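Input: a single structure, listed below in structure tokens.
Every number in this text was worked out from the coordinates using simple rules, so none of it is lab data. Please read all numbers here as calculations on a predicted model, not as lab measurements. Here the Cβ is made from the backbone with ideal geometry for all residues, glycine too, and neighbour counts use every protein chain on show.
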């Protein structure tokens, strides 16, 4: 299916607008993306973008707290907000005849959020509770340790939800200042996809958003992570009996020429993920890690991950160890697979399969206007629209030599960050007494039967 | 903005029942070159023999690990070389199957699926690998406060009945399952009668019907009739705590046995549940526990209604120091909706949401296939979507209060918490 043309315009106040008609179902999705995320946060204020995102649900004069979510639900809509390293976004998806409500609420809260001090205080404990839900898992704690160890200078080192100590000390005025600095029309992109007429939608967006005053130009984020010279290791111990291992390497930004060869590499290691953000989730057993670690019974689960980001982030391996297996053994098998890739490259068949899988998985989410709008906004934040339009060709152009070259270039012992979670019955509880008072399937077959697991690249509202 | 709401109905859904008892539903949708199939078979964890809890789940895991015409390696290559997905999973009263593929590959995927369902070979080395994976997952479950709260909650609210036992089993029961148990379970319980396959996507309805009829029409097997004992009603409130060391968040689940999907009270309960813990930001529970008290990131209610039974529950995740306060708040909200009528505005809001959100659930192939499947599984009729708004809008304030009062009885409550002591 050829998509209808993308209509692009910019309002006088700097708000960029992207519109695409899609009449396949009587629904429409509207998104606002802001060019701010944990990437833009200073020490002491980690997690502030995510907290501000929560505050955008806490009321304006027009929609006092609770009225926004009720109005959207009453109209048969779905909504959410998400904060990532690179951006913050809000969306509503509606039956098409109700979509104007999205324009009304998003234009209202771009400029008019109250940040009531009592509401900010009440949200502090909600966000700490959100964080504590993650802290219950040693797999999560290990991922935080590895991320923090992998970056000395760049803000990608801190978690999107923020360090708990910052969540305790941050104040309402910090939040409000962040909102004022980043929530301006000239720092935002509005995206609509669905069953509407472009001229009508463009006029409606003009009507709702044009009166919002342009803000000061946001401060650029200039920090560049220095080159990693030494291997880095972290060992986390705890009472939980399942052992985990992470092995990570710095890897380039989405716009780098090596991005697509690395996407192929990731697919050959552990199956395609539809570019790693939305979509993905096909069967994944013919890949190298599954054969080397799961079918050999060294691991219950083994995967790799690489996602498109503005600045260089990580290419990571993650393994859930089988009982009685040593971490050193897993490291040795992982390095064996890496060296094999560096010495012999991959096969033509692996390359073809990685490309077909990635394209197919991307297609699976394309019948949803919500995902289509997400991708348009995402590309505007991270890569530019050309990347989104050209990725199938750029992926198809990847050669066997490209893949071998990036394997040799990015994976080296001195550039590794290694994290172990080691079960230890004698470990003391790290988190229980830190001095804060209480006021504040198998590979996809069956694994969600008893409880749902989430592994999102962004933190939701 | 053009918005002609025409829901799938008798004119646009193709429905065929094969002689061996399989029902096929197809809805054409050429938005993308993709076909999605979702199916259910009448075999589930309720068929697990005593001491082998988790056997139905083990069996579905083995369906994708080798069959008469597709060895394990051939199965994997066939599916992955075209970037498709084919999964099998088990739930309490059904086995699920799903296909997502490009339309050009649908015939191949149907062939693989049919052979897996009919002729699994259960290779012993793969059985051993799967058991190892399952045991690690059960070990991880014991580290997960929400999973442990759910495990003990369902056991408790169903009074130990097989409907409340965990689909993935227990460490001891999964250790006790043998390769031959899996083969025997498949031979005894898998058959065409009552199976449903719902298809949505880029395919002509007759072509989809022909593919499925060719692949599955010759399947003959007659599982024994299921004979479930009656559910024991809870007659006194039951509370238990699952102690878990080193956890900074505790999970709370509390609730009651409520209604099966086809019970006359189902829609009134659905509306009441929407008011209690869904509408807007998780309904009344979200408003009090999250927004006013700031105790939790999530505080919600949900309704889980199957063919034979249903559970109405509320859940929250909180700091251990706040656990008692959160339980009290949740119980107070349950008492409030059981004792006092909801407002006319709350009712109207819930009805507007439940009826208004339909177009969103029917947008994608996934959503369409799941909706068709649920309509057939629950015998709602092909005109169900057209009738649904009127059914929801007929629910009154009195209905809501009557069902809340009837089902949310204090003596019928199971209350389970999991986590560290404050």
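For the reader, a short list of remarks on this structure follows.
- DSSP bridge orientation in chain B - percent antiparallel, rounded to nearest 5: 80 percent
- Note: relative contact order over the range A:232-428, using C-alpha pairs below 8 Å and six or more positions apart, is 41 percent.
- Structure-based [θ]222 nm, chain A - -39500 (n - 2.57) summed over DSSP H runs of at least 4, per residue, nearest 500: -11500 deg cm²/dmol
- In a fully extended conformation the segment linking residue A:148 and residue A:349 would gain 68.7 nm over its present Cα-Cα distance, using 0.36 nm per residue.
- Over chain B: helical MRE at 222 nm, DSSP H runs n ≥ 4 each giving -39500 (n - 2.57), nearest 500: -13000 deg cm²/dmol
- Principal-axis tilt of helix B:266-277 within chain B, Cα atoms, nearest 10 degrees: 60 degrees
- Our summary gives the range B:14-216 a relative contact order of 41 percent, counting only alpha carbon pairs under 8 angstrom and 6 or more residues apart.
- Secondary structure note: in the range A:232-428, about 75% of the DSSP beta bridges are antiparallel.
- Anisotropy class of the range A:151-239 from Cα gyration tensor, a/c 1.5 cut: prolate
- In terms of its C-alpha gyration tensor, the protein assembly as shown has a rounded overall shape, because the principal axis ratio a/c (a ≥ b ≥ c, square roots of the eigenvalues) stays below 1.5.
- Cα shape, chain B, gyration tensor, a/c 1.5 rule: oblate
- Degrees between helix B:106-118 axis and first principal axis of chain B (Cα, 0 to 90, nearest 10): 80 degrees
- Stretching residue B:210 away from residue B:263 to a fully extended chain increases their span by 15.6 nm, per 0.36 nm per residue minus the current alpha-carbon distance.
- To the nearest ten degrees, helix B:397-407 and the longest principal axis of the Cα atoms of chain B are 80 degrees apart.
- Each label point was placed 7 Å from the Cα along the Cα-to-Cβ direction; for residue A:112 and residue A:396 their separation is 4.9 nm.
- Relative exposure of A:229, A:167, A:19, judged by other C-beta atoms within 10 Å (fewest first): A:229, A:167, A:19
- Rel. contact order, % - alpha carbon contacts under 8 angstrom, at least six apart, chain B: 23 percent
- Cα centroid separation, the range A:128-191 to the range A:353-415 (Å): 26 Å
- Gain on full extension, evaluated as 0.36 nm per residue between residue B:343 and residue B:30 minus their Cα-Cα distance, stands at 108.3 nm.
- Extending 7 Å from Cα along the Cβ direction at residue A:61 and again at residue B:335 yields two label points whose distance is 4.1 nm.
- Separation of the residue A:342 and residue B:411 label points, Cα + 7 Å toward Cβ, nm: 7.2 nm
- Sorted by Cβ neighbour density within 10 Å, fewest at the top, the residues B:398, A:301: B:398, A:301
- Centre separation in Å (Cα based) which lies between the range A:275-352 and the range A:70-104: 36 Å
- Sorted ascending by nearby beta carbons within 10 Å, beginning with the fewest, A:165, A:24 become A:165, A:24.
- Here the peptides A:387-396, B:209-218 are ranked by packing, the mean other Cβ count within 10 Å, and the order with the highest first is B:209-218, A:387-396.
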